[in-house]
Structure formats: C-alpha cells, structure tokens
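Enquirer: First the structure, then my questions, so here it is.
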Amino acid sequence: MIAFVQGPVAALTPGCAVVEVGGVGMAVQCTPNTLAALRLGEPARLATSLVVREDSLTLYGFADDDERATFEILQAAPGVGPRVAQAMLGVHSPDALRLAVANGDERALIQVPGIGKAKAAKLLLEYKNKLGAPIGAVPAQKPVATGPAPWSEQLHAALVGLGYAPREAEEAVVAVTPEAEAQRTTDVGALLKAALRTLNRTR
C-alpha cells in the first residue's frame, strides 16, 4: 500500500494532482478542496489510498490521514465506490460526515452529487456504527489560499470535478457571485457549499 506521496507538485487539473516522487510523476485523484491548497512547483504531502481494479490502479489523495481513513470506511457501504466516497469528502469534512450520521441528517448527504433521499437514508444506517463520533466541533470552512486563478474559475473547476456539467457550474457561479462580492476574503470552500445548495434546489 502507498501510504503517502511527498514531493513537488508537477501538475494540477480539476480532479488530479501530479506529485514528483523520486523522479516519477504520481497521478493522485483529489477533492477540489485538497487541490485548492496545492501550488505548482511547491512541496506537498498527501495521504493516499490505492484502489485496485482488474483494469486499473488508481491513487486517491487526501489532506491528512483522517480523510484517508474516512474514505476507506465510506467505501464499505453497498453502492459506494471510490468516486462517490471522494465526492462525499469533497462536500463534507470527516467530522461533518460523522456529525451528519450521528444526527441522522439526510439533507447533508443529499448535498453530495449522486446521492438522493433514498440512498441517503440507507447510508445513514450503514455508517451509524462505522464512522464513529465526531472528534471535535466541526470548524467553519477555512478560506482557501488564493492563487493566480480568480475565485470563479476555482469554483467552476471544483463543481465540474464533482460531476456537474460545465453549464450547471456556470449557473451556480453566477448565483453565488453576490455572496462572493460581499466577502472580505474570498472563501472558495464556503462558496462551493452555497453553489451546491443552489444546484440541489434546481434539480
């Protein structure tokens, strides 16, 4: 098992980071929030989980060991593969997921693309005794460090990375623009949650 990768970031795309390890570029699938914290050419350390299929080997990357452990637990539920598990962590932190399960909060899971009301109810039962209790108070989403791309491009890329069509992502960006303009420091994580709420209302 590859527990982590560490090295300079060689490339970034909406759903993947390439980390150079010993002269080899390791392609790591990451959530938008994890990718937003990375910078080209700068060193990074990502906890990783290798998913083995008959026709593929896919490496998933996470900000820390807790995210990786949660990712692996999430996949234990029927019908939840690595893509859905990653999408869940793209919307909620591990502690936010624990809190949602502890409170039976279907609405929190429905925010995740691909999870409807019926599936959310089943997953709450599946995870009830597996995710455990929240470790601490769920913090507010931390502002994502600003990069060369404006917030609108970061948000659009994050939504497309979560599986939304480019046109849907554009409409969501427009919908949260007033909220973005009202912020002193642009918080892409908070805007992502607001955009997801907008998209869920229109579906």
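Enquirer: Residues of region 38-61 being open to solvent by 40 Å² or more (accessible area, probe 1.4 Å) and within 24 Å of Leu191 (Cα to Cα), which ones?
Expert: Arg39, Leu40, listed by residue number.
Enquirer: Another one. Please work out if Ala120 is more than 24 Å from Pro14 (Cβ to Cβ) and buried (at least 18 other Cβ atoms within 10 Å of the Cβ).
Expert: It is true that Ala120 is more than 24 Å from Pro14 (Cβ to Cβ) and buried (at least 18 other Cβ atoms within 10 Å of the Cβ).
Enquirer: Test Thr13 against the criterion of being modelled with pLDDT under 90 and open to solvent by 40 Å² or more (accessible area, probe 1.4 Å), and give yes or no.
Expert: yes
Enquirer: Moving to a separate point now. Looking at Gly147, Gly136, which is the one that is modelled with pLDDT under 80, touching an Asp or Glu at 6+ places or on another chain (Cβ under 8 Å) and not in a helix (DSSP H, G or I)?
Expert: It is Gly136.
Enquirer: Can I ask one more? For the condition out of contact with any Ser or Thr (no Cβ under 8 Å at 6 or more places or on another chain), within 26 Å of Leu35 (Cα to Cα), open to solvent by 70 Å² or more (accessible area, probe 1.4 Å) and touching a residue at least 12 places away in the same chain (Cβ under 8 Å), what is the one hit in Ile115, Ile110, Ile135?
Expert: Of Ile115, Ile110, Ile135, the one residue that is out of contact with any Ser or Thr (no Cβ under 8 Å at 6 or more places or on another chain), within 26 Å of Leu35 (Cα to Cα), open to solvent by 70 Å² or more (accessible area, probe 1.4 Å) and touching a residue at least 12 places away in the same chain (Cβ under 8 Å) is Ile135.
Enquirer: On to the next question. Hey, among Leu35, Leu97, Leu89, which residue is open to solvent by less than 50 Å² (accessible area, probe 1.4 Å), under 25 Å from Gly116 (Cβ atoms) and under 11 Å from the mean Cα position of the chain (by Cα)?
Expert: Only one candidate qualifies: Leu89.
Enquirer: Still on this structure: Need the failing condition index for Thr34 against (1) closer than 12 Å to Gln86 by Cα; (2) outside any strand (DSSP E or B); (3) in contact with a helix residue (DSSP H, G or I) (Cβ under 7 Å, 6 or more places away or on another chain), just the number.
Expert: (3)
Enquirer: Which pairs turn up if I take residues in region 172-183 that are closer than 22 Å to Gly161 by Cα and look for partners that are among the β-branched types (Val, Ile, Thr) with beta carbon separation below 7 Å, at least 6 apart in sequence or on another chain?
Expert: What qualifies is Ala172/Thr198; Ala175/Thr198; Val176/Thr198; Ala180/Thr186.
Enquirer: Out of Arg39, Arg45, Arg68, report the one residue that is in contact (Cβ under 8 Å) with a residue 24 or more places away in the chain and either closer than 27 Å to Leu196 by Cα or in contact with a Leu (Cβ under 6 Å, 6 or more places away or on another chain) (or both).
Expert: Being in contact (Cβ under 8 Å) with a residue 24 or more places away in the chain and either closer than 27 Å to Leu196 by Cα or in contact with a Leu (Cβ under 6 Å, 6 or more places away or on another chain) (or both) holds for just one of Arg39, Arg45, Arg68, which is Arg39.
Enquirer: Looking at Val24, Val19 in this structure, which one is over 14 Å from the mean Cα position of the chain (by Cα) and buried (at least 20 other Cβ atoms within 10 Å of the Cβ)?
Expert: None of the others qualify; the one that does is Val19.
Enquirer: Yes or no: region 62-75 includes at least one residue that is open to solvent by 20 Å² or more (accessible area, probe 1.4 Å), acidic (Asp, Glu) and part of a strand (DSSP E or B).
Expert: no
Enquirer: Moving to a separate point now. Only one of Val80, Val5 is of a type in the set (Val, Ile, Thr), assigned to a loop (DSSP other than H, G, I, E, B) and open to solvent by less than 50 Å² (accessible area, probe 1.4 Å); which?
Expert: Result of the check over Val80, Val5: Val80.
Enquirer: Any chance you could count how many residues in region 153-196 are loosely packed, with under 14 Cβ neighbours inside 10 Å and closer than 16 Å to Ala87 by Cα?
Expert: The number of residues fulfilling the criteria is 1.
The values are calculated or read from the model by the stated rules, or taken from the named source; none is laboratory data. These figures come from a predicted structure and were not determined experimentally. With ideal geometry, Cβ positions are generated from the backbone for all residues, glycine too; neighbour counts draw on all protein chains shown. Accessible surface areas use protein heavy atoms only, side chains included; no ligands, DNA or RNA. Shrake-Rupley method; radii C 1.70, N 1.55, O 1.52, S 1.80 Å.
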